[in-house]
Amino acid sequence: MSKFIIHDHSNDGIDRRGFLNCMAWAGTGVLWTISGGVPSSRLFGQKPSGTSKADMTFVQISDSHIGFNKPANPDVTGTLQVAIDRINALDAQPDLILHTGDLTHSAKSAEFDTLAQSLLSSKQKQIFYVPGEHDISVDDGKAYLERFGKGTQGKGWYSFDQKSVHFIGLVNSAVLEGMGKLGDDQLTWLRNDLKKLSKSTPIVVFAHIPLWAVYPEWGWATSDSVQALTYLKPFGSVTVLNGHIHQVMQKVEGNVAFHSAMSTAFPQPAPGKAPSPGPMKVPTEQLKSVLGFTSVHSISGKHSLAVVDTSLGA
Amino acid sequence: MKTFIVAIASVFVVCVMASSAPDAVRGKEAFEKRCGGCHGLDRTKEGPMLRKIFGRRSGSAAGFPYSDAVKNSRLIWDEQTLDKWLEDPEKLIPNNDMATRVPDATDRANIIAYLKSLNV
């Protein structure tokens, strides 16, 4: 499924060419776990030792940009379908799917229709969304909320429980002062939402724009995320997922693990490695290797979440 | 009575004019919501930096990788061209790279007033 393992001479689950490929495009090429609040990581392809069967698995897809048709990927509907097909083919079907925003490129009705139509082919019908700025900047999110935000608060934030995990979908793409912003109303809601939870509850936060300072110079950060993270600090296991930057990145800070997913549409340059962010053209044969989705496994009792990135490359 | 009606009508006209005048403060709010995801004033992001765009030739911000369509469009950005651009970028310059649009005319006028205010 991943193209990262071609020659595995040392039987460690990864080869040099694959490692370089992985590091060049994914930035990390690392699978990480948190056990009892202690994070650890290993390279793609290495098999975890002594892991239990996951109680719950979910998949994150992001940045489908339906409607985009430039050279970086003239067939974003096609690559989204590849992602869905790959998820459908997973050995263990996910309990749910998260989409972390930029469903569409221009928030047109036809684009939302195409995305919804594509996702009808997903075996897992339980799909949760948060919007990206491409989905809501044209009409303050009206079209998005009508289709994907029923029952949510404000601009589309909400929470729900699945098995032992508390999921929180946040919207940091509605007000943009050079970068993402949550705003006071949402922060108040978040604080109240967390009050009812035991501190041992595993929490998964998902939003479009990074809730950590990936690269503020390009707006890849959220101006008031520190306040949100203060509310999350007492909890033993917090996983924060985002899209927006179209590449895998990760950071662990205390009990909070941040993870950024690949896009299903097109890659973006690594921070500061180009004059500006935006769709990055790669050779056609490499495109699928820089697109993908993220699988997350939760193991109860250990409060352990394992995050695995899978490229669409053959 | 006639004088009174004229006075009322005058007040109405003044009110309508006041409510429809472009408002740079509201334009800043609209800019942040509608444009801020891709544009900064002094920093290149997914879109070019926009401070002092008024009077600038299209496709001329230093360091931004414009589409050929915008580079070759040779427009001068003013109230009229910006209004057409924001209303329907594809119609004004086919095959450009901008993803969004601003359908609301008041929003457009306010954003343009805000951008103009940054030229001083």
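Read-outs throughout are calculated quantities, based only on the coordinates presented, and are distinct from any laboratory measurement. If you're wondering where the values come from, they're calculated on a predicted model, not measured in any experiment. Every residue, glycine as well, gets a Cβ built from its backbone with ideal geometry; the counts of neighbours run over all protein chains shown.
Quantify how strongly other chains surround peptide B:41-47 by giving the mean number of their Cβ atoms within 10 Å of each of its Cβ atoms.
Mean shielding by partner chains, rounded to a whole number: 5.
Given H placed 1.01 Å from N in the peptide plane, which residues other than close sequence neighbours of residue A:292 have an amide H under 5 Å from its amide H?
Those lying under 5 Å, H to H, from residue A:292 are A:263, A:264, A:312.
Students often get this wrong: which residues of the range A:230-271 have the backbone nitrogen under 14 Å from the point 7 angstrom along Cα-to-C-beta of residue B:43?
Once the point is set 7 Å along Cα→Cβ of residue B:43, A:271 turn out to lie under 14 Å by backbone N, inside the range A:230-271.
Whole Å is fine, so just give me how far the alpha carbon centre of the range A:254-287 lies from that of the range B:70-120.
So the two Cα centres are separated by 28 Å.
What is the local net charge at residue A:132, summed over the other residues whose Cβ is closer than 11 Å to its Cβ (Lys, Arg +1; Asp, Glu -1)?
-4
Can you list the HN-Hα couplings for the range B:60-71, worked out from phi with the Karplus curve (6.51, -1.76, 1.60; θ = phi - 60°), rounded to whole Hz and with x for Gly and Pro?
10, 5, 4, x, 9, x, 5, 5, 4, 4, 6, 4
Going by amide H atoms built from the backbone, whose H comes under 5 Å of the H on residue B:97, apart from near neighbours?
Here the answer is B:67, since their amide H atoms fall under 5 Å of that of residue B:97.
Determine, for A:208, A:259, the number of other Cβ atoms within 10 Å of each Cβ, and report the residues in order from fewest to most.
Ranking A:208, A:259 by Cβ neighbours within 10 Å, fewest first, gives A:259, A:208.
Rank these for me by crowding, A:111, A:285, A:133, B:46, going from fewest to most other beta carbons within 10 Å.
The order, fewest Cβ neighbours first, is A:285, B:46, A:111, A:133.
Quick one: putting +1 on the C-beta of Lys and Arg, -1 on the C-beta of Asp and Glu, what dipole do you get for the range B:23-117 around its Cα centre, in Debye to the nearest 20?
340 debye
Enumerate the amide H contacts of residue A:240 below 5 Å, restricted to partners 5 or more residues apart or on another chain; note that Pro and chain-start residues carry no placed amide H.
Here the answer is A:205, A:257, A:258, A:259, since their amide H atoms fall under 5 Å of that of residue A:240.
Looking at the range B:23-117 from every direction and averaging, what is the projected area of its Cα convex hull in nm²?
Average of the hull's projected areas for the range B:23-117 equals 5.2 nm².
If you take all C-alpha pairs in the range A:122-193, what percent of them are over 19 Å apart?
Of the Cα pairs, 37 percent sit more than 19 Å apart.
Under a Cβ-Cβ cut-off of 13 Å, what is the net charge of the residues other than residue A:193 that fall near it, where Lys and Arg count +1 and Asp and Glu count -1?
Net charge in that neighbourhood comes out at +1.
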